[in-house]
1. Report the local net charge at residue B:6: Lys and Arg +1, Asp and Glu -1, summed over other residues whose C-beta lies under 10 Å from its C-beta.
2. Can you list residues whose amide H is under 5 Å from residue B:45's amide H, if they're 5+ apart or on another chain and H is modeled 1.01 Å from N?
3. Residues with amide H under 5 Å of residue B:126's amide H, sequence separation 5 or more or different chain, H placed in the peptide plane at 1.01 Å from N; which?
4. Give me the summed buried accessible area for the B-A pair, 1.4 Å probe, to the nearest 100 Å².
5. Charges only on Cβ, +1 for Lys and Arg, -1 for Asp and Glu: so what's the dipole of chain B about the Cα centre, in debye to the nearest 20?
6. Round to the nearest 0.05 the FRET efficiency obtained for residue B:64 and residue B:112 when R0 = 22 Å and r is the Cβ-Cβ distance.
7. Apply 1/(1 + (r/R0)^6) to the Cβ-Cβ distance of residue A:51 and residue A:78, taking R0 = 22 Å, and write down the FRET efficiency to the nearest 0.05.
8. What distance in nm lies between label points placed 7 Å from Cα along the C-beta direction at residue A:29 and residue A:58?
Amino acid sequence: MKYYAEIKVTLKDGIKDPQGLAAETVLKRTGINESASIRAGKFFEIELEAAKKEEALENIQTICEEVLSNPCLEKYEILKVKQV
Amino acid sequence: MKAGIIVFPGTNCDRDTFEACSFFGWECRYIWHNETDLNNLDAIFLPGGFSYGDYICSGRLAKFSPIIQEVKNFIKRKQGIIIGICNGFQILCETKLLPGVLTTNINNKFICDDTVLTFQNTEITLPIAHKEGRYIAPKGKNLCNMMFLQYKNNPNGSDYDIAGLYDRENKILAMMPHPERAVFKETGLTDGRKIFEFIQKELNK
């Protein structure tokens, strides 16, 4: 069966995000919003074959831990897993 | 002294490293990342560049190349020294052969400049050229005895001004600056020679 997943990878708390900080500076300068805090992250879509949902989930977790994120720096969240 | 220079798709400092090693009379050969033979070598270089286009994250995809397992065996056998330069440092962190990780410079820019560093209680100047050189140290790990190269003016926001680490026990040396670009008078700086001399000295230990 084919499964589809959506993954969000973001920097761990406490690690400065230069992209977010740059965007915040612009927001303040333009007056769009003075209080907004922005953190940039990455979004991934995965499609894979698996016999059942548990197997798909296990594979997706391995992909997240080994390929899409580095636990020293980032955390990941599986936003959605569904059969397609 | 025999040096192997590993080449990944996207590596671009392999030739500079080859020429710099040759300057010291070291015998060199290139090793494609799909190969697995590190026999008869004393020093293995992971040179700078953009392995796998830095896709997903710099150094992330290179860690799955077959040669990496052989690099681990090389370390286990205590065959010699591993040297990671720039992207090589990122790869060594991603493979967890060195602690911590390198991420986007704090100013969000690619920095291409000469930078002053502290090396063995002296100041040396080497070129840097990277966008992901901000070293993040792992929490709770004492890195004091691994810090062998530090920025004087920390251009990228690295923890503890770290520009390079050296795991003395396993002989794994890595740095963001490019010593191979500072060997020949014709290209300006020559302080890179001190790093190559250090490598030679460590190998003879």
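1. Details: positive: none; negative: B:14, B:35, B:70.
Every neighbour counted, the sum reads -3.
2. Under 5 Å from the amide H of residue B:45: B:4, B:5, B:6, B:83.
3. Hits under the 5 Å cutoff: B:115, B:117.
4. 1300
5. On the way: 24 positive and 23 negative charges, 119 e Å.
Dipole size: approximately 580 debye.
6. Details: r = 29 Å, r/R0 = 1.31.
After rounding, the FRET efficiency stands at 0.15.
7. Values: r = 19 Å, r/R0 = 0.85.
E between residue A:51 and residue A:78, to the nearest 0.05, is 0.75.
8. My value for the distance between the label points is 5.2 nm.
The values are calculated or read from the model by the stated rules, or taken from the named source; none is laboratory data. This structure is a prediction, so every number in the text was calculated from the model and none was measured. Here Cβ is always computed from backbone atoms with ideal geometry, including for glycine, and neighbour counts include all displayed protein chains. Side chains included, ligands, DNA and RNA excluded: accessible areas come from the protein's heavy atoms. Shrake-Rupley method; radii C 1.70, N 1.55, O 1.52, S 1.80 Å.
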